[in-house]
Amino acid sequence: MFEKILIANRGEIALRIHRACREMGIKTVAVHSSADADAMHVRLADESVCIGPPSSTDSYLNIPSIIAAAEVTNADAIHPGYGFLSENAKFVDIVTAHGIKFIGPSADHIRMMGDKITAKETMRKLGVPCVPGSEGEVLTLADAEREASKMGYPVIIKASAGGGGRGMKVAVDKEALSEAFSSARSESKLAFGNDAVYMEKYLSGPRHIEVQVLADGQGNVVHLGERDCSLQRRHQKALEESPSPAITDELRSRIGKTVSDAIRDMRYEGVGTIEFLFENDEFYFIEMNTRLQVEHPVTEMITGIDLVQAQINVAAGYPLDLKQEDIKFSGHAIECRVTAEDPRTFAASPGPVTEFHVPGGLGVRVDSALYTGYNIPPYYDSLIAKLIIHAASREECLLRLNRALEEFVVSGIRTTLPLHQEIIHNPEFRDGHYDIHWLEKFIASR
Ligand code: ADP
């Protein structure tokens, strides 16, 4: 087992990884920008190293600084968390070349899934159903028009290197296609340095359902059920739950088996998430994330499995000691992403936190690196806390979530806590009747 892990991240996920290491008797190294010297993960880690100025490019994305920090502190593994370098195959190559273990899949798997065109092709060959669309890259507007008339409008043009909802444009008809095609390409070039795009049929009202897998690269794979992440604003998830109100036991077993078989065939190692759109009882693969997800706690709550510890164990070479029949799903879990944003305008709201009081009690978990007196820097993602609730049923989960939201106090800044309260009181949401467009419509109708 590793003796010391460097955590190449910040915020709640850095703390989350520190906690897993601590319980396993593994020492931790925090790396931080100069703006994060007072951060909670820095305070709690065994050692810390400043890796650069506030800008992410110069700190959390600064590969030479992070490698130097790992060498100076003698760390034998690096956990990337999510975002930043977590899906950067070049980083994995460099980490490996320095004799340090990257906690995650191989660089080849990251490369394969990071290119969405290759990812779809690979999954299709492995028997995973995909959204109908172009075969590979669409090079010219004339090709785009031909593809669109084959699949029928509306269509969506997506960046092959895409992520975070960028480089994605919908065209409702032929007139809109030219603009959508060129703006998807230029947005992708700007964000990812690559203008390759592909096309899909734009599904009108699907749910976003994703399946969590855990694999050891030695042929052992389990799936840990699904998460329903349909509540999104600008293609960004806001609230996630498991099990999905739309998925039956039969559907779960079916898609779980399809996904596990594909992951086993790939000899994939680590945790991974296979994302689908789900409409009329059919699953359509859209992408795979080769890392831990923000919303991983909902799966942990209903399965009792610590995903970060599991990641560390398989990275250290231990075979997975779980079989599919060992995985038991218990009750219901919901996660609310709390961000430092105005709940109406969504304007960023960084600054000093004058009071921070988290809810507690049975089935209440708060993953957050905030504390009273902390000054939220303006340079990074606005996520400040994840409130995760577990209860025997969805109904009880909502009752518990309601009282936890009532107890949660964050003063000095604006947060999206009031938005979550509004969502959970909405009758449609309570009935589980929502798709990927629901939240945007709900926000517009307030
Ligand atoms: P990213 O990697 O940028 O997050 P995804 O491919 O995961 O991109 O898609 C993000 C979201 O965009 C999905 O959850 C869904 O809401 C929407 N989306 C993507 N593809 C389609 C599609 N073919 N039809 C309808 N909505 C889509």
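The values are calculated or read from the model by the stated rules, or taken from the named source; none is laboratory data. Note that this is a predicted model, so its numbers are computed, not measured. Positions of Cβ are generated from backbone atoms using ideal geometry, with glycine treated the same way; all protein chains shown enter the neighbour counts. What goes into the accessible areas is simple: the full protein's heavy atoms, side chains included, and nothing from ligands, DNA or RNA. Shrake-Rupley method; radii C 1.70, N 1.55, O 1.52, S 1.80 Å.
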Legend entry - Most mobile listed residue (His425, His109, His332) in the chain, GNM with C-alpha springs under 10 Å: His425
Inset, instruction - Rounded to the nearest Å, what's the spacing between the alpha carbon centres of the stretch 377-430 and the stretch 18-55? Just the number, please. - result: 27 Å
Inset, instruction - Keeping the other protein chains in place, figure out the carbon and sulfur percent of the accessible area of the chain, with a 1.4 Å probe. - result: 50 percent
Inset, instruction - Beta carbons within 10 angstrom, averaged per residue: use that to sort the peptides 71-77, 413-419, highest first. - result: 413-419, 71-77
Legend entry - Estimated D of the stretch 251-409 in µm² per second, where Rh is the Kirkwood radius over Cα pairs and Stokes-Einstein applies at 4 °C, 1.567 mPa s: 71 µm²/s
Inset, instruction - Using a Gaussian network model of the chain whose springs link C-alpha atoms within less than 10 Å, name the residue from Val92, Val197, Val172 with the highest mean-square fluctuation. - result: Val172
Inset, instruction - Lys and Arg at +1, Asp and Glu at -1: add these up for the other residues within a Cβ distance under 12 Å of Leu398 and post the number. - result: 0
Inset, instruction - Please turn the phi angles of the stretch 102-114 into ³J(HN,Hα) values with the Karplus equation 6.51 cos²θ - 1.76 cosθ + 1.60 (θ = phi - 60°), one per residue in order, whole Hz, x for glycine and proline. - result: 7, 7, x, x, 5, 4, 5, 5, 5, 4, 4, 7, x
Legend entry - Square roots of 5 times each gyration tensor eigenvalue, C-alpha, the chain, largest first, Å: 31, 27, 24
Legend entry - For the stretch 77-83, Karplus couplings with θ = phi - 60° (6.51, -1.76, 1.60), whole Hz, Gly/Pro x: 8, 10, 9, x, x, 10, x
Legend entry - Mean shadow area of the stretch 227-277 over all directions, Cα convex hull, nm²: 4.3 nm²
Legend entry - Per residue solvent-accessible surface (Å²) - the chain, probe of 1.4 Å: 40 Å²
Inset, instruction - For Lys201, list the lysines whose Cα falls under 27 Å from its own Cα; do not include residues on the same chain fewer than 8 positions away. - result: Lys116, Lys120, Lys125, Lys150, Lys158, Lys169, Lys174, Lys189, Lys237, Lys257, Lys441
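To the nearest 0.05, what FRET efficiency results for Lys90 and Asp381 with a Förster distance of 22 Å applied to their C-beta separation?
0.50
Give me the percent relative contact order of the stretch 215-296, please, defined on Cα pairs under 8 angstrom at least 6 residues apart.
This gives 28 percent for the stretch 215-296.
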Legend entry - Relative contact order of the stretch 29-82, defined on C-alpha pairs under 8 angstrom at six or more residues apart (%): 32 percent
Inset, instruction - Tabulate in residue order the Karplus-calculated ³J(HN,Hα) for the stretch 116-128, using 6.51 cos²θ - 1.76 cosθ + 1.60 with θ = phi - 60°, rounded to whole Hz; enter x for Gly and Pro. - result: 5, 5, 5, 4, 5, 4, 4, 5, 4, 5, 8, x, 8
Legend entry - Inter-site label distance for Tyr153 and Glu121 at 7 Å from Cα along Cβ, in nm: 3.0 nm
Inset, instruction - Assuming a ≥ b ≥ c are the square roots of the Cα gyration tensor eigenvalues, decide whether the stretch 148-287 counts as rounded (a/c under 1.5), prolate (otherwise, with a/b larger than b/c) or oblate. - result: prolate
